[in-house]
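Notes follow the structure.
The values are calculated or read from the model by the stated rules, or taken from the named source; none is laboratory data. Fair warning: this is a prediction, and the values are worked out from it, not measured in the lab. Here the Cβ positions follow ideal geometry from the backbone for every residue, glycine too, while neighbour counts run over all protein chains shown. Heads up: the accessible areas ignore ligands, DNA and RNA and are worked out on the full protein's heavy atoms, side chains in. Shrake-Rupley method; radii C 1.70, N 1.55, O 1.52, S 1.80 Å.
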Amino acid sequence: MDIVVFGAGALGSLVGGLLARDHHVTLVARDPHARRVAGQGLRVTGELDARVRPRATTDPTPADLTCDLALVTVKAYDTAAAARTLATGDPAVVCALSNGLTEETLVAELGDRVLAGSATYGAELVAPGEVRCTGVGRIHVGELDGGTSERAARVAAAFREAGLDCEADPGMPRRRWEKLAVNAGINAVTALARVENGALADGPARDVAHRAARETARVARAEGVDLTDDAAVAAVDTVVEETAANRSSMLQDVERGSRTEASEINGAVVDRAPAHGVATPTNRTLADLLRAWEAAGIAE
Ligand SMILES: NC(=O)C1=CN([C@@H]2O[C@H](COP(=O)(O)OP(=O)(O)OC[C@H]3O[C@@H](n4cnc5c(N)ncnc54)[C@H](O)[C@@H]3O)[C@@H](O)[C@H]2O)C=CC1
Ligand SMILES: CC(C)(CO)C(=O)C(=O)O
């Protein structure tokens, strides 16, 4: 497959690097990472090991963006800009692995080419040209409105060919909310407490994460998605166990002094709640604390 990874930071470089073992991959990234990958290739270290030579560019042409599959791995708040650039080319299928409910923003520019996606792999960009895999997770892809499709099966098969754990999921509407519950619980709590995901296996931080996940499940149900409180909590516990050594992407953000996705994750739950009369005090507190930290001065 001809695959473009748009926004190759930590997650995009990991997934794109692994895909490059079997597919023709172009990373759309920023310097100095892009320059390093273009010159010396990309190293995947940590729990997985690979040395690959994908193409890398900071400035894709419409021809670069005309591909079989465009994977979007920018931060959720960069999705609209990524979608506008992707629309200058002609990707056959577009799939977001970003956290947050970003697919609607992609659909606005790219229409029914958009598949839903989610990833629980852990990744850190440790240096230009080197990404560390901190947790082997799983990727799910599927139709935004649910159901099976030939194109989702084809994308999942292409991922598996390259050795990634990936399934086509007919239940993406529920999975997207389940992932939002996982991130609402894990990301903000690990970022504020400055702990690895595994620290949420017990103790007070675990209770906060569970409360955020339950609130997310209530909003999901109010929006017609069948996600029980217990299922949301169980999903948090499973990801905590599977990614115990991860420093969540939001913890990495606060440690770097950069903007977080608190508004796109916890804030997204809070914003949707009033229309349904659902209370979301835990998500509001987590989002507000992170926004207060951002307002005090972030690096970018
Ligand atoms: N890092 C992780 O372990 C995981 C991250 N995620 C999600 O994946 C998404 C990406 O996360 P990370 O990879 O950690 O963030 P990151 O900040 O390392 O990567 C995003 C990259 O996109 C690049 N980018 C944005 N706009 C661009 C443009 N127009 N042209 C070129 N490059 C552009 C940025 O420079 C950055 O390097 C987030 O939504 C995160 O929540 C999900 C699962 C795990
Ligand atoms: C799955 C998890 C929680 C892995 O850390 C993640 O999505 C992230 O860090 O953003």
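For a quick check of your reading of the model, give me the residue pairs whose first member lies in region 166-184 and is without any contact (Cβ under 8 Å) to a residue 40 or more places away in the chain, whose second is open to solvent by 10 Å² or more (accessible area, probe 1.4 Å) and aliphatic (A, V, I, L, M), with beta-carbon atoms closer than 8 Å and at least 6 apart or on different chains.
If the second residue must be open to solvent by 10 Å² or more (accessible area, probe 1.4 Å) and aliphatic (A, V, I, L, M), the pairs left are A168/A153.
Within the bounds of region 141-152, is there any residue that is surrounded by 21 or more Cβ atoms within 10 Å (Cβ to Cβ) and either over 21 Å from E261 (Cβ atoms) or away from ligand 1 (no atom under 16 Å from the Cβ) (or both)?
yes
Give me a count of the residues in region 248-269 that are within 13 Å of the chain's Cα centre (by Cα), within 9 Å of ligand 2 (Cβ to nearest atom) and either part of a helix (DSSP H, G or I) or not hydroxyl-bearing (S, T, Y) (or both).
4
To keep it simple, each residue is scored yes or no on (1) part of a helix (DSSP H, G or I); (2) open to solvent by 40 Å² or more (accessible area, probe 1.4 Å); (3) within 12 Å of ligand 2 (Cβ to nearest atom).
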position	(1), (2), (3)
A212	yes, no, no
A217	yes, no, no
R221	yes, yes, no
G224	no, yes, no
A231	yes, no, no
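Please determine, by comparing only the residues of region 243-285 that are closer than 18 Å to L101 by Cα and hydrophobic (A, V, I, L, M, F, W, C), which one is most open to solvent (accessible area, probe 1.4 Å).
Only one residue tops the list, namely A275.
When the residues of region 65-75 are narrowed to those that are within 9 Å of ligand 1 (Cβ to nearest atom) and open to solvent by 10 Å² or more (accessible area, probe 1.4 Å), which ends up nearest to R151 (Cα to Cα)?
Out of the qualifying residues, it is T73.
Kindly indicate the residue of region 90-105 that is in contact with a helix residue (DSSP H, G or I) (Cβ under 8 Å, 6 or more places away or on another chain) and assigned to a loop (DSSP other than H, G, I, E, B) and also nearest to G16 (Cα to Cα) among those meeting that condition. Reasoning before the result, please.
Taking region 90-105 as the starting set, the residues that turn out to be in contact with a helix residue (DSSP H, G or I) (Cβ under 8 Å, 6 or more places away or on another chain) are 91-103, 105.
Within this subset, residues satisfying the condition of being assigned to a loop (DSSP other than H, G, I, E, B) are 91-92, 97-102.
Details: P91: 16, A92: 17, L97: 12, S98: 14, N99: 17, G100: 20, L101: 21, T102: 19 Å.
Out of the qualifying residues, it is L97.
Could you go through region 84-95 and let me know if any residue there is buried (at least 16 other Cβ atoms within 10 Å of the Cβ) and farther than 27 Å from P32 by Cα.
yes
Tell me whether region 243-258 contains one or more residues that are among the charged types (D, E, K, R) and without any contact (Cβ under 8 Å) to a residue 12 or more places away in the chain.
no
Rundown of residues vs (1) away from ligand 2 (no atom under 16 Å from the Cβ); (2) in contact with a His (Cβ under 8 Å, 6 or more places away or on another chain); (3) of a type in the set (D, E); (4) modelled with pLDDT of 95 or more, yes/no style:
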position: D49; (1), (2), (3), (4): yes, no, yes, yes
position: P54; (1), (2), (3), (4): yes, no, no, yes
position: T57; (1), (2), (3), (4): yes, no, no, yes
position: T61; (1), (2), (3), (4): yes, no, no, yes
position: L65; (1), (2), (3), (4): yes, no, no, yes
position: A70; (1), (2), (3), (4): yes, no, no, yes
position: K75; (1), (2), (3), (4): no, no, no, yes
position: T79; (1), (2), (3), (4): no, no, no, yes
position: T88; (1), (2), (3), (4): yes, no, no, yes
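Considering (1) touching a helix residue (DSSP H, G or I) at 6+ places or on another chain (Cβ under 6 Å); (2) surrounded by fewer than 18 Cβ atoms within 10 Å (Cβ to Cβ), say which one T190 fails and leave the rest.
(2)
Do any strands (runs of 3 or more DSSP E) entirely within region 1-55 hold 1 or more residues that are in contact with a Lys or Arg (Cβ under 8 Å, 6 or more places away or on another chain) and closer than 17 Å to G137 by Cβ, and if so, which?
Working: elements: 2-6, 24-28, 42-46, 50-52.
Filter on region 1-55 gives 42-46, 50-52.
Take the residues in region 153-180 that are of a type in the set (D, E, K, R) and farther than 27 Å from G267 by Cα, then tell me which one is least open to solvent (accessible area, probe 1.4 Å).
Residue satisfying both the conditions and the ranking: D165.
Take the residues of region 99-132 that are open to solvent by less than 10 Å² (accessible area, probe 1.4 Å), touching a Ser or Thr at 6+ places or on another chain (Cβ under 7 Å) and touching a residue at least 60 places away in the same chain (Cβ under 8 Å): which is nearest to ligand 1 (Cβ to nearest atom)?
In this case the residue turns out to be G122.
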